[in-house]
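Visitor: What follows is a single structure, and I will ask about it in a moment.
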Amino acid sequence: MNGSPYILSENNSVTLVMLKVLAALIPGVIAHVWFFGPAILVSLLLCSIFAIGFETFILLMRGIPLKPFISDGSVLVTACLLALALPTLAPWWLYLTGVFFAVVVAKHLYGGLGQNLFNPAMVGYAALIVSFPVTMTQWAAPVGVALTTPNLWEAFDLVFAGAGAISPDAFTSATALDTWKTQVRLGKDAADILGQPIFGWAGGRGQEIVALMYLAGGLLLVSNRLTTWHIPFAFLAGIAATAAVLHLLDPAQHAGPLFHLLSGGAMLGAFFIATDPVTAAGTPRGKLIYASLAGFLTVIIRTFGGYPDGVAFAILLLNVAVPFIDAYTQPRVFGHKRGGKRGQA
């Protein structure tokens with residue numbers, strides 16, 4: 001998952017790298033099932049099926065051999081990241097639409113694997129939250145907060161048949177980030193807001209552990225040299241520093257750094273999305289600039305924007321700036337001054 005032109009291991013084929021990334025997501029998925037029920041497995045399955053279907057169709061339309069591209073695992077990583085960013089128990093067509101934008105629009109309309117300007121999973125997410133904002137706010141409530149937690153078969157029924165006789169209020173709720181923003185704008189005190197059942201010891205109830213499991217999986221990727229420390233560290237540091245400044249200025253209106261780090265998609269974004277080798281900055285200094293700005297924008301969007309979580313939009317905005325960042329952070333060529341002539345170093 002490291003940016004070109006660095007080749008870290010001759011044994012890291014695209015397929016092997018993608019399999020390791022998928023494996024690193026497993027702890028977070030297990031934690032999600034434990035705290036929010038098994039509906040996430042339905043989301044992962046549907047997004048994977050839709051992604052493989054769209055990938056196959058586009059490759060056939062373009063006259064490209066199927067096996068090398070279907071078997072490399074890249075489309076499955078995109079599908080899983082999108083599924084983990086979307087609310088569970090959403091109608092099936094929401095997943096279908098998101099995958100279409102991720103695989104067909106963001107990936108293949110730009111030329112396919114390695115040619116896309118924007119992170120495909122985040123394009124799918126952004127398209128959905130802009131187009132269907134109400135549906136995208138109906139998240140599965142944590143076990144213990146929800147009146148009922150659908151089992152796997154009930155989750156399938158809800159995704160394909162709708163709520164039916166069961167009110168969505170019985171198993172869905174707003175996220176901790178959305179609840180915080182809404183309650184603050186109503187003028188409620190921070191202590192009263194954080195005392196609500198949706199909040200846990202540091203962030204969203206249950207979401208803290210899910211975030212820590214993504215952190216563990218991400219550190220495994222770093223330790224296996226599938227990505228460097230630069231982007232995850234700078235992204236999380238950007239979030240923490242921005243949240244800390246705002247919290248110091250007005251603690252009644254702004255949540256602290258730990259809340260921002262352990263709520264929403266911060267950890268998933270830091271290790272699995274912002275590190276996308278195609279759309280992220282490639283130079284060491286560029287990675288730090290790219291990721292720290294993305295972390296800064298994440299908190300700004302969460303705090304002052306119209307959407308509860310800013311990870312997707314922050315990363316997409318910085319994807320646009322990557323060519324500029326890389327152009328001005330290239331290391332000096334040996335024997336040259338930066339921008340100068342040979343022999344003047």
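Visitor: Here is a list: LEU96, LEU59, LEU41, LEU81. Which entry is farther than 28 Å from PHE171 by Cα, in a helix (DSSP H, G or I) and out of contact with any Asp or Glu (no Cβ under 6 Å at 6 or more places or on another chain)? Give the steps one after another, and end with the answer.
Guide: Working: LEU96 fails: farther than 28 Å from PHE171 by Cα; LEU41 fails: farther than 28 Å from PHE171 by Cα; LEU81 fails: farther than 28 Å from PHE171 by Cα.
Answer to the check: LEU59.
Visitor: Is it the case that some residue within segment 166-174 is modelled with pLDDT under 80, part of a loop (DSSP other than H, G, I, E, B) and out of contact with any Pro (no Cβ under 9 Å at 6 or more places or on another chain)? Reasoning before the result, please.
Guide: If we filter segment 166-174 for residues that are modelled with pLDDT under 80, which is where we start, we get 166-174.
Then drop every residue that is not part of a loop (DSSP other than H, G, I, E, B), which leaves 166-167, 171, 174.
So of that shortlist, the ones also out of contact with any Pro (no Cβ under 9 Å at 6 or more places or on another chain) come out as 167.
Within segment 166-174 (the criterion being modelled with pLDDT under 80, part of a loop (DSSP other than H, G, I, E, B) and out of contact with any Pro (no Cβ under 9 Å at 6 or more places or on another chain)), the answer is yes, since at least one residue qualifies.
Visitor: While we're looking at this one, here's another question. Considering only segment 14-47, state which residues are buried (at least 20 other Cβ atoms within 10 Å of the Cβ) and within 22 Å of PHE160 (Cβ to Cβ).
Guide: VAL29, HIS32, PHE36, GLY37, ALA39, ILE40, VAL42, SER43, LEU44, LEU46, CYS47
Visitor: If you don't mind, another one. Please identify the pairs in which a residue from segment 22-33 that is under 14 Å from LEU219 (Cβ atoms) and not assigned by TED's automatic domain parsing to the domain that holds VAL77 has its Cβ atom under 7 Å from the Cβ atom of a residue that is of a type in the set (Lys, Arg) and at pLDDT 95 or above, counting only partners at least 6 apart or on another chain.
Guide: Final answer for the pair search is none.
Visitor: If you go through segment 16-38 one residue at a time, how many are assigned to a helix (DSSP H, G or I) and touching a Pro at 6+ places or on another chain (Cβ under 7 Å)?
Guide: Total satisfying the criteria: 2.
Visitor: Does any residue of segment 290-297 turn out to be in a loop (DSSP other than H, G, I, E, B), over 18 Å from LEU212 (Cβ atoms) and within 18 Å of the chain's Cα centre (by Cα)? Explain how you work it out, then say what you get.
Guide: Within segment 290-297, the first condition is being in a loop (DSSP other than H, G, I, E, B), and the residues that meet it are none.
No: zero hits.
Visitor: Then there's this: Just to check your reading of the model, which residue among GLY218, GLY187 is out of contact with any helix residue (DSSP H, G or I) (no Cβ under 9 Å at 6 or more places or on another chain) and either part of a loop (DSSP other than H, G, I, E, B) or more than 21 Å from ARG302 (Cα to Cα) (or both)?
Guide: Working: GLY218 fails: out of contact with any helix residue (DSSP H, G or I) (no Cβ under 9 Å at 6 or more places or on another chain).
Matching residue, one of GLY218, GLY187: GLY187.
Visitor: On to the next question. Filter segment 264-289 down to the residues that are touching a helix residue (DSSP H, G or I) at 6+ places or on another chain (Cβ under 8 Å), in a loop (DSSP other than H, G, I, E, B) and at negative phi and list them by number. Spell out how you get there, then give the answer.
Guide: The initial filter retains those residues of segment 264-289 that are touching a helix residue (DSSP H, G or I) at 6+ places or on another chain (Cβ under 8 Å), namely 264-275, 279-284, 286-289.
This time we only want the ones that are in a loop (DSSP other than H, G, I, E, B), so: 264-265, 274-275, 279-283.
Scanning segment 264-289 gives GLY265, ALA274, THR275, THR279, ALA280, ALA281, GLY282, THR283.
Visitor: Looking at segment 188-231, which of the residues that are within 21 Å of VAL278 (Cβ to Cβ) and small (Gly, Ala, Ser) is surrounded by the fewest Cβ atoms within 10 Å (Cβ to Cβ)?
Guide: The initial filter retains those residues of segment 188-231 that are within 21 Å of VAL278 (Cβ to Cβ), namely 214, 217-218, 221-222, 224-231.
Add one more test, that the residue is small (Gly, Ala, Ser), and what stays is 217-218.
Values: GLY217: 23, GLY218: 26.
The residue in question is GLY217.
Visitor: A follow-up question, please. Would you please name the residue that is surrounded by the fewest Cβ atoms within 10 Å (Cβ to Cβ), looking only at residues in segment 290-345 that are among the polar types (S, T, N, Q) and at pLDDT below 95? Give the steps one after another, and end with the answer.
Guide: Quick first cut of segment 290-345, residues among the polar types (S, T, N, Q) only: 292, 298, 303, 319, 329-330, 344.
The next check asks that each one be at pLDDT below 95; those that pass are 303, 329-330, 344.
Working: THR303: 19, THR329: 17, GLN330: 13, GLN344: 8.
Across segment 290-345, the extreme among qualifying residues is GLN344.
Visitor: Further question: Among the candidates ALA90, ALA51, which residue alone is outside any helix (DSSP H, G or I), more than 24 Å from GLY282 (Cβ to Cβ) and in the same structural domain as TRP153 (by TED's automatic domain parsing)? Give the steps one after another, and end with the answer.
Guide: On the way: ALA51 fails: outside any helix (DSSP H, G or I).
None of the other options fit; the residue is ALA90.
Visitor: For segment 180-191, indicate whether the set of residues that are among the small types (Gly, Ala, Ser) and either touching a residue at least 60 places away in the same chain (Cβ under 8 Å) or more than 22 Å from GLN253 (Cα to Cα) (or both) is non-empty. Steps first, answer last, please.
Guide: To start, the set of residues in segment 180-191 that are among the small types (Gly, Ala, Ser) comprises 187, 190-191.
Remaining after also requiring either touching a residue at least 60 places away in the same chain (Cβ under 8 Å) or more than 22 Å from GLN253 (Cα to Cα) (or both): 190.
Yes, because at least one residue in segment 180-191 is among the small types (Gly, Ala, Ser) and either touching a residue at least 60 places away in the same chain (Cβ under 8 Å) or more than 22 Å from GLN253 (Cα to Cα) (or both).
Visitor: Could you tell me which of the residues GLY195, GLY187, GLY206, GLY218 is at pLDDT 80 or above, farther than 15 Å from ALA23 by Cα and either in the same structural domain as GLY256 (by TED's automatic domain parsing) or over 18 Å from the mean Cα position of the chain (by Cα) (or both)? Explain how you work it out, then say what you get.
Guide: Details: GLY195 fails: at pLDDT 80 or above; GLY187 fails: at pLDDT 80 or above; GLY218 fails: farther than 15 Å from ALA23 by Cα.
Answer to the check: GLY206.
Visitor: Tell me which of these ASP276 doesn't satisfy, since it passes every other one: (1) buried (at least 24 other Cβ atoms within 10 Å of the Cβ); (2) at pLDDT below 95.
Guide: (1)
The values are calculated or read from the model by the stated rules, or taken from the named source; none is laboratory data. Because the structure is predicted, anything quoted here is derived from the model rather than measured. Cβ: placed from backbone, ideal geometry, glycine included. Neighbour counts: every protein chain shown.
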